[in-house]
Amino acid sequence: MENTKLHLLLADDDIDDCDFFKDAIDEISGVCELTILNNGVELMKFLVNDPDSQPNVIFLDLNMPKKSGMECIAEIKASNVLSHIPIIIYSTSLDHTVVNDLYELGAHHYIQKPAEFGSIKSVIKKVVALFGTTTIQPRSRDNFIIQP
Amino acid sequence: MSINSSTYHFLEGGGEMGKFIRAKDWRQTPLGDPETWPESLKTMVSVMLNNPFGMYIAWGKDYTQIYNDVYCPILGDNKHPQALGSSTKESFSEIWDTVEPMFDGVMEGKPIGFSDFMLPLNRNGQIEICYFDFAYSPIRMSNGEVGGILVTIIETTKKKKAEDALRENKNELEFVINSVQLGTFDYNPATNKFSANTRLKTWFGLPQAEQIQLNHALDLIVEEDKERVIKAIAKVLKDPSSDSYDIEYGILSPNSSKPIIVHAKGRAWFNEEKVAYRLTGTLEDITNRVLERKKIEESERLLRLMILQAPVAIAIMRGVDYRVEIANKLALEIWGRTKEQILNKPIFEAMPELLSQGIKNFVDDVAKTGNRFSTPEMPVTFSTNGELQMFYINFSFEALYDSEGKINGIMAIGVDVTPQVEARKKVEESEQNMRALVNSAPFPIGVFAGEEMRISLANQSIMEAWGKGHDVVGKLYSDILPEFGSQHIFDQIRSVLATGIPFQAKNQRIEIEINGELHVFYYNYNFTPLLDASGHVHSVMNTAANVTELNEAKQKVEESEKRFRDTVMQAPLGIVIFRGPENIIEMANENYLQLIDRTEDQFVGKPLFETLPEAKETIAPIIAEIYKTGNPFHGFEFPIRINRYGMTETGYYNFVYHPLKENNTISGVMVVATDVTATVKAKHLIEENEEKLKLIIEASELGVYDVNLKSGEIVASNRCYEILGFPEKTQLTHKDIIAHLHPEDLIIRKKAFAKAYVDGVLHYQSRVVWKDQSLHWIDAKGKLFYDDKKQPYRMLGTVREITEERTFQQQLLEREEKFRLLADSMPQHVWTSDPEGNLNYFNQYVYDYSGLTPEQINTEGWIQIVHPDDWKKNIRQWSKAVRTGKDFLIEHRFKKHTGEFRWQLSRAIPQKDPDGNIKMWVGSSTDIQEQKMFTTELENMVHLRTNELKEKNIDLEKINKELQSFVYISSHDLQEPLRKIQTFSSRILETEYESLSDNAKKYFNRMQKSAYRMQNLIQDLIAYSRTGVQELTFEAVDLSEIIEDVKETLSEEFEENHVTLKLHNVCTLQAIPVQFKQIMHNLISNSMKFGKTDHPVIIEINCEKVEASNLAVGSLTDYDHFYHISYLDNGIGFEPDYNEKIFEVFQRLHSKDEYSGTGIGLAIVKRIIENHEGYIFAKGKLNEGARFDIYLPAE
């Protein structure tokens, strides 16, 4: 990833959260390219129809209309062409049973949406640091939750 | 009291499985209550249960299984007893693919069976290969449909193994028969049919049918032999003492153009009435052998003819004593003997006069050296008709050789020259006379004079031999017979002329040209020097004997003899010939050498017992007997010890020792033998096994018998005779047995037999009276066997003495009688049952109370006395008691004759024999109506209250659930807008901070704090609501690990507050890890929140296991042991008044501004500990820190 920017994709129906995320990316400036989609159906359509512009990392909200984040991750991990894309859950709540289920489904990391804007930035920076290298660390339960 | 004997009669008996089946709750199976079973199923179950063969029934679409005792071992421990009542599909899932189509077929009415079906079964801890006869038969219901399948199974492992052994033996025998190329037959005179092996049928060209009419075979015998064979068969079948059947005859098979000559051998088998019932034997194809023999005989006949007609006296002598084998007429004339006087007799016995004349020396010399002895004009005196007469004879003795170059006889050739000699003597003065004499000599004589070999004399015979006419005298020998030049004959004559040494030639091949063609002759001829007065050889005389014919004959004989020997050599049987008193081996074929494991060099040419000394003891007498009687000796499976293959072992042989005769004298023995060791050993093994089986049966207490139902013959074991009271007898008739039977029991036996003839199984118990008048009980069982026509022909069975058992039963009956008398006088219900739970006695009180007659109870069952509402429970309890053998105890209602139901306490206790087996149950029922009425009322009230409570509980649970989901949803959804408020405010503070007034900044800070506290509040609420919902999975939890975890989570706060955590003693607890962590988290958070300002926080934690009884805490009684965790801090503490209160939700002791905290933390702690069935106590003192004592159960 030396010459190309890290391509992040955010799937979230909450316009405020999308704005915060976009602002945070803008302020980090220059290292990432961001695609925002507002529900699960759009996400799946984007991934399937546009295989050339596959993102490097997907940020996935769980509570979405039409198709929930759970359904999306199950579909993506079941697909031969998509399953390699790391998925980071980006959700308001942090329920341990839900967290465990998502790890089992194949999510790479779990982030509880921070309340502080500064924390949103720091959490994105951590992700960029993790996925901006050529070698991606394998999943592990110990490092599953990323704190801001 | 469960199963009514009249309704479930079909489940009676059946041993262990009977118990299982009765105990089984069939309502849980597709079959349902046995009462509702179809009649045919009931019948089959009853039959099956009491059947001595393995049986099982697969009933209905599910193939629900019921089976009997004998079937259990086939199921094995892993299937029995769960297979009972379950589907075959499950029990035999591993072979269901195979079984299903067969079952389906049976369900369509098609029975199926297998014999010797192989199943590898795990029995006695190892896999055994077992064999079974299976039959699947459809069981039809009354409407004709197939309701289920009856599987009958007989284990045939032993039979199969025996059959295999037998087959193996038979195979071996067949192999032997095959290898010796024999045909076999087995003739039954009763049917006039015989069976034969394929080879025999092929020879005869008979069809390959199993049984063949004897006449069909006889028709195929060549006409000239037929009568002879019929007579031979008749003879051997008529007389047991007659010789065995042994005959040669020809067959003209329709399949073959040439007749086959066979040698049939056999023996007849006679029954006790001396009537033959079998003729078995073998046939050997001896066509070649007979043809060879005929050829040899023919050539021998020719030789004899030739010798007999020869113009010279010829005799052949054989053997050590020079028996005259042949002597022609001339010889007899010379000897002055008749044929009868001389043939086949030792010559020196027949003509003792020769012994004194030195002739024997010549003969001995020839026999020893093989050198021809010849002498002209030998004067010999013969005794003719008692008169001695002298002859002059020119004679020679020649050794005769067999094909191997051994001397096997002497040929004497003689020419009576008496007249000639006498004449010569007269003519000696006159050469003329001599010449005339020479001339008339019956053998060729010629004289050749000088080097030039001018013929000076040639008699008629020589001229005829030469075939060159009569005008030869005075001519040169070489001119007359130029063809001799190349045959070195002239050289021979010249040599005689030169040296004076006579020349002799024997059997010399001479070629003479007669009429322009070369003819071959064989001559014995001499060239003798004739000396003049000065001893000078002036002429050579030629005498000759034409032996052409003789020679040719001899060659033929040798050839045929060689052929015979070759045949023998190649025969597949072991053949050996030995001769003479020393039994010198003349020949032995390869098979024989293999038989005795010797090489030809070791064996042939040597005395038999020099090579086989180990056989001398057995064989020498046989040979001696043959020489004595001249009869052949047949050995069948004859044991002989021979050193072979490196050890001395007893082998078994079939053989014939056949005398070989020369001149009617036995000169040797021919042995034909085959090795049947393997067959015999196999036979011995079977005999041994049978012996073993017999021993086992003898050793058991069972008597065993085998009755031939047709002949009435009984074969029984000694034990059987013993039981029946015939210790000394070994042969019994039916009469004997009946005589010992107790007269009263004769009818029992008769009935049992009548039944046995119907269903094939015999079983009865009866008494026998022994000779000493003692009474014994027997238990007899038997099974009938049927022949092809379904007629019983055999009964096999066992007899067991059961006197002791019966005596015991008798005593029991007597005791029971006493008991009944007693019971009938009791003012209580008293009843008994058999071990299977069938009630068989009720005392008088039962009848008085119920108003029922014994007949009513018998036919309609005792259950009618019991209140219908109690039936179910009653039957269940009673079945359980019968099954487990534990006391039966129940409260139920009995119907009085007035119609009133009264409560009874019934109790039954099993009566056991000394071995602990239940013999019967004795039960009683006591009226408890009064007591019962009181308790019932009480129960009713409790019941009412319980129901009310239950309803309230359900309502409460409902409300609780609603509340929980409300808390969860609201707190979760509240989080989102709250977070937004925080984010937006953080954005404003970050980006617009400079443009805010100081006041606005202050308000902003407070707004943020409020939002933060609200966030904490919501999170704690969620946590609190969750503590009751989460699944309770207890794990071993290490206290120190938990605290380390919490330290890490709170690391920043730890540093901020300068916390020191002292962990004294650590335990491993049984707890829900997440929740337990929450406890420690909340406590430590509290310690930090409520620390004294400017004081470092010190926390001390200790844990130990304690006994509940040692604690001064009253409520800790649920468990014996607890883990006691004490938690101390040095914070602001609280007043003792609040020891209880601080655990309530939203209970805060301080204002929000003084100390942060939601007021939920300790409520969560308390709730979690209650989840763990533990206790927490708080002890506070203002400004002296807080103390928490936690007790968690240790079990």
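Tell me which residues come under 5 Å, amide H to amide H, from residue B:851 once H is placed; ignore anything under 5 positions away on its chain.
For residue B:851, whose amide H was placed from the backbone, the distant partners under 5 Å are B:897.
Along the charge dipole of the protein assembly as shown, pointing to its positive end and built from +1/-1 on Cβ of Lys, Arg, Asp and Glu, which listed residue (B:515, B:171, B:276) has its Cα farthest out?
B:276
When DSSP assigns beta bridges and you keep just the ones with both residues in the protein assembly as shown, what percent turn out antiparallel, to the nearest 5?
Given both bridge residues lie in the protein assembly as shown, the antiparallel proportion sits at roughly 90 percent.
Taking loop as defined by DSSP and a crowding limit of 14 other beta carbons within 10 Å, which GluC sites (Glu not before Pro) in the range B:948-1018 fit?
Answer in residue order: B:992.
Give me a single rounded figure for A:92-98: the average over its residues of other chain Cβ atoms within 10 Å of their Cβ.
Average per residue, whole number: 4.
Pick out, in residue order, every one of the trypsin sites (Lys or Arg not before Pro) in the range B:801-892 that is DSSP loop and has at most 15 other C-beta atoms within 10 Å; say none if there are none.
B:886
Counting only trypsin sites (Lys or Arg not before Pro) that are in a DSSP loop and have at most 14 other C-beta atoms within 10 Å, tell me the longest site-free stretch of chain A.
Segment A:67-138 is the longest.
Starting from the Cα of residue A:145, step 7 Å along the direction of its Cβ; do the same at residue B:329; then give the gap between the two resulting points in nm.
14.3 nm
Of B:830, B:850, B:758, which is farthest towards the positive pole of the range B:717-870's charge dipole, taken about the Cα centre with +1 and -1 on the beta-carbons of Lys, Arg and Asp, Glu respectively?
B:758
Taking Cα atoms, how many degrees apart are the long axis of helix B:431-440 and the longest axis of chain B, rounded to 10 and kept between 0 and 90?
Result, in degrees: 40.
Give me the inter-chain shielding for B:981-992: mean count of other chain Cβ atoms within 10 Å, whole number please.
Other-chain Cβ atoms within 10 Å of each residue's Cβ, averaged: 4.
With only Lys, Arg, Asp and Glu charged, each at its Cβ (+1 for the first two, -1 for the last two), find how big the charge dipole of the range B:573-681 is about the Cα centre; round to the nearest 20 debye.
Roughly 220 debye, rounded to the nearest 20.
Calculate how steeply helix B:803-824 sits against the longest principal axis of the alpha-carbon atoms of chain B, using the helix alpha-carbon long axis, and give the answer as 0 to 90 degrees to the nearest 10.
Rounded to the nearest ten degrees, it is 20.
May I ask you to work out the translational diffusion coefficient for the range B:1009-1142 at 37 °C, viscosity 0.692 mPa s, via Stokes-Einstein with Rh from the Kirkwood sum over Cα pairs, reported in whole µm²/s?
The diffusion coefficient I find is 194 µm²/s.
Could you tell me the extents of the range B:719-872's C-alpha atoms along the three principal axes, largest first, rounded to whole Å?
63, 43, 22
Quick one: if you take sqrt(5λ) for each eigenvalue of the C-alpha gyration tensor of the range B:595-643, what semi-axes come out, biggest first, whole angstrom?
One finds semi-axes of 21, 14, 10 Å for the range B:595-643.
Check residue B:447: other-chain or 5+ apart residues with amide H under 5 Å from its amide H, H built from backbone geometry?
B:456, B:457, B:458, B:542
Could you work out the relative contact order of chain B, using alpha carbon pairs under 8 angstrom and six or more residues apart, expressed as a whole percent?
Relative contact order comes out at 5 percent.
Using the Cα atoms as the points, what is the convex hull volume per residue of chain A in Å³?
Convex hull of Cα atoms, per residue: 103 Å³.
How compact and how long is the range B:873-927, expressed as Rg and Dmax of its alpha-carbon atoms in Å?
13.2, 45
Could you give the length gained on full extension between residue B:243 and residue B:1068, defined as 0.36 nm per residue of separation minus the Cα-Cα distance, in nm?
Value of the extension gain: 286.8 nm.
For a test of the definition: using alpha carbon positions, the gyration tensor, and the 1.5 limit on a/c, classify the range B:640-688 as rounded, prolate or oblate.
The shape class here is prolate.
For chain B, report the translational diffusion coefficient in µm²/s to the nearest whole number, using Stokes-Einstein at 25 °C, 0.890 mPa s, and a Kirkwood Rh over Cα pairs.
After rounding, the answer is 53 µm²/s.
For the protein assembly as shown, what Kirkwood radius comes out of the mean inverse Cα-Cα distance, in Å?
Radius from the Kirkwood sum: 48.2 Å.
Which GluC sites (Glu not before Pro) in the range B:714-747 pass both tests, a DSSP loop state and at most 10 other beta-carbon atoms within 10 Å?
Counting only loop positions with at most 10 other Cβ atoms within 10 Å, the GluC sites (Glu not before Pro) in the range B:714-747 are B:728.
What is the Cα convex hull volume of the range B:827-927 when expressed per residue in Å³?
Roughly 92 Å³ of hull volume per residue.
Assign unit charges at the C-beta atoms only (+1 for Lys and Arg, -1 for Asp and Glu), then state the dipole size of the protein assembly as shown relative to its Cα centre in Debye, rounded to the nearest 20.
Computed about the Cα centre, the dipole is about 3520 debye.
Calculate the dipole size of chain B relative to its Cα centre from +1 charges on Lys and Arg beta carbons and -1 charges on Asp and Glu beta carbons; express the result in debye to the nearest 20.
2240 debye
Can you list, bin by bin at 10 Å, the percent of alpha carbon pairs in the range B:430-550, starting at 0?
With 10 Å bins starting at 0, P(r) equals 14, 48, 33, 5, 0.
Show me the ranking of peptides B:409-416, B:273-280 by mean Cβ neighbours inside 10 Å, starting with the highest.
So the peptides B:409-416, B:273-280, ranked by packing, come out B:409-416, B:273-280.
With unit charges on the beta carbon (Lys/Arg positive, Asp/Glu negative), name the residue among B:717, B:793, B:774 whose Cα is farthest towards the positive pole of the charge dipole of the range B:684-817.
Positive-end residue among those listed: B:793.
Could you work out how far helix B:223-238 tilts from the main Cα principal axis of chain B, as a 0 to 90 degree angle to the nearest 10?
Roughly 60 degrees between the two axes.
Given 5 Å bins starting at zero, what is the percent of C-alpha pairs of the range B:304-416 in each, up to the one with the largest pair distance?
2, 13, 23, 29, 22, 9, 2, 1, 0
Once all Cα-Cα distances of the range B:9-155 are split into 10 Å bins that start at 0, what whole-number percent is in each one?
In order of increasing distance, the bins hold 12, 44, 36, 7, 0 percent.
Lone cysteines in the protein assembly as shown, defined as no other cysteine's Cβ under 4.7 Å from theirs: which are they?
Isolated Cys, the protein assembly as shown: A:18, A:32, A:72, B:72, B:130, B:720.
Using only DSSP helix segments of four residues or longer, with each worth -39500 (n - 2.57), what per-residue ellipticity at 222 nm results for chain B after dividing by its residue count and rounding to 500?
Result for chain B, helices only: -12500 deg cm²/dmol.
Coordinate-derived values only; no laboratory data. Computed from a predicted model, the values in this text were never measured in an experiment. Ideal geometry is used to build each Cβ from the backbone, glycine not excepted, and the neighbour counts take in all protein chains shown.
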